[in-house]
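Contents: one structure, followed by commentary.
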Amino acid sequence: MSAKFPVLKPGATIGILGGGQLGRMLAQAAGKLGLRCHVYSPEADSCAFDVVGEKTCAPYGDEAALARFAAAVDVVTYEFENVPGETASFLARLKPVLPDPKVLATTQDRLAEKNFVAELGIATAPFAPVGSAAELAAAAEKIGAPAVIKTRRLGYDGKGQATIQKVGDAAAAWNAIGRAPAILERFVPFEREVSALAARGRAGEVVAYELIENVHRDHILHRSRVPAEVPAALAGQAIVIATKIAAALSYIGVLAVELFVVAEAGKRRLLVNEIAPRVHNSGHWTLDGATVSQFEQHIRAVAGWALARPQRLGRVEMVNLIGHEVEDWAKLLAEPGASVHLYGKREPRPGRKMGHVTKVFPES
Ligand code: AMP
């Protein structure tokens, strides 16, 4: 593996596919370590472009632009899990791509992802495929209601999802998501949502952060806090699950596993909701609340460098600034103890992640 993926030297260039805030914060972390970044994104107003020396603005299918990008970088990674599989495979023939493009094939398709998790013996909400009217009827029968229908591909932040209150609503819900190939999943009456965030290095070593607790608003992450308020044994199980998933994917880099905590008859158990093959919004607290951030860990992993053993600096809370909430930036800057991060996006559209604020409190 090490011959295939040479260890980078300071001054080397990491290519990042995707130009959002995750790419921006990855590039900022790389800069700290003396590494350069080259961001590839189809969108001219990508906020990651602002913090790198080299950028390519071209469609993901532009092979000439991809070849020039590959020639200009030492290794390629991604900040966006919906990079087309063909783009990642094309680049992998020219330069190391980490994590391996086959990870995208699993995580871009909710059905493949859920089957993969289930085959590892890890619990998920009951689910069934929906690709035709007959399959929809069978799925509705098997899963019951309430349930959530989700497109297999290109869904994020609640996009491509509809909730079903009764079995008879399944057809209308499928119509609402454009009759795209989908899965029907039982609605989980979760007690809380958590995420396990871990880095896996080239030698297979895994370093996890403490379990994070998340609150979503309109399906978008609103707030995260660390440590999650769950029994230590349950937090340990979540980390074991993330480690098992990372190992099964031969993963290199940072990944997040989103889980539901379900309380039944006084017992708590975990169900995996989703795998994010990248740095994750719920890990933004690590920039201020840990000695080494998730972004630096990811850069270290793809560079072939030693992973850090990050220490948490206190009890941490992170709040996203969504859409117009960012207009409070001046007030937030004046708040004692608040660390404000703004992504430099020009237009605060509804639902758009514009920045976040972190507070670190002394451990009580
Ligand atoms: P997802 O796009 O699958 O990450 O879903 C976004 C959010 O929708 C999750 O973080 C949950 O808050 C909610 N959600 C998704 N699936 C379910 C489910 N099966 N039961 C209850 N809530 C869900």
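Would you check which residues across the stretch 326-364 are within 22 Å of the chain's Cα centre (by Cα) and open to solvent by 50 Å² or more (accessible area, probe 1.4 Å) and list them? Scanning the stretch 326-364 gives Leu342, Arg349, Pro350, Lys359. Going through (1) among the β-branched types (Val, Ile, Thr); (2) free of Cβ contacts under 8 Å to residues at least 60 places away in the same chain; (3) part of a loop (DSSP other than H, G, I, E, B) one by one, Val7 falls short only on (2). Just one of the listed residues (Ala199, Ala238) is under 27 Å from Gly160 (Cβ atoms), away from the ligand (no atom under 14 Å from the Cβ), open to solvent by less than 50 Å² (accessible area, probe 1.4 Å) and in the same structural domain as Met318 (by TED's automatic domain parsing), namely Ala238. If you go through the stretch 108-124 and keep only what is among the acidic types (Asp, Glu), in a helix (DSSP H, G or I) and closer than 22 Å to Val279 by Cα, you end up with just Glu113.
Looking across the stretch 140-163, the residues that are within 13 Å of the ligand (Cβ to nearest atom) and more than 20 Å from Glu274 (Cα to Cα) come down to Gly144, Ala145. Residues that are closer than 29 Å to Pro348 by Cβ and either at pLDDT below 95 or open to solvent by 20 Å² or more (accessible area, probe 1.4 Å) (or both): find the strands (runs of 3 or more DSSP E) completely inside the stretch 10-72 holding 2 or more of those. Output list reads 54-57. Somewhere in the stretch 128-137, is a residue crowded, with 19+ Cβ neighbours inside 10 Å and either within 11 Å of the ligand (Cβ to nearest atom) or not in a helix (DSSP H, G or I) (or both)? Yes, the stretch 128-137 contains a residue that is crowded, with 19+ Cβ neighbours inside 10 Å and either within 11 Å of the ligand (Cβ to nearest atom) or not in a helix (DSSP H, G or I) (or both). Could you grab the pairs with beta carbons closer than 8 Å, sequence gap of 6+ or different chains, first residue in the stretch 309-334 and assigned by TED's automatic domain parsing to the domain that holds His280, second one of a type in the set (S, T, N, Q) and modelled with pLDDT under 95? What qualifies is Arg315/Ser364.
The requirement of being over 17 Å from Thr243 (Cα atoms), charged (D, E, K, R) and away from the ligand (no atom under 16 Å from the Cβ) is satisfied by Glu327. The one condition from (1) in contact with a Phe, Trp or Tyr (Cβ under 6 Å, 6 or more places away or on another chain); (2) more than 20 Å from Ala29 (Cβ to Cβ) that Val316 does not meet is (2). Restricting Ala140, Ala105 to those that are surrounded by fewer than 19 Cβ atoms within 10 Å (Cβ to Cβ), modelled with pLDDT under 95 and not in a loop (DSSP other than H, G, I, E, B) reduces the list to Ala105. Residues that are crowded, with 20+ Cβ neighbours inside 10 Å and away from the ligand (no atom under 12 Å from the Cβ) within the stretch 164-181 comprise Ala170, Ala173, Trp174, listed in sequence order.
So for the stretch 293-316 (the condition being part of a strand (DSSP E or B), touching a strand residue (DSSP E or B) at 6+ places or on another chain (Cβ under 8 Å), among the aliphatic types (A, V, I, L, M) and open to solvent by 10 Å² or more (accessible area, probe 1.4 Å)), does at least one residue qualify? No - not one qualifying residue is present in the stretch 293-316.
In the stretch 206-232, the residues that are within 12 Å of the ligand (Cβ to nearest atom) reach residues that are open to solvent by 40 Å² or more (accessible area, probe 1.4 Å) and polar (S, T, N, Q) with C-beta atoms within less than 9 angstrom, at least six apart or across chains, in these pairs: His219/Gln161.
The values are calculated or read from the model by the stated rules, or taken from the named source; none is laboratory data. All figures in this text were calculated on a predicted structure; none of them were measured in a lab. Neighbour counts run over all protein chains shown; Cβ positions are idealised from the backbone, glycine included. Side chains included, ligands, DNA and RNA excluded: accessible areas come from the protein's heavy atoms. Shrake-Rupley method; radii C 1.70, N 1.55, O 1.52, S 1.80 Å.
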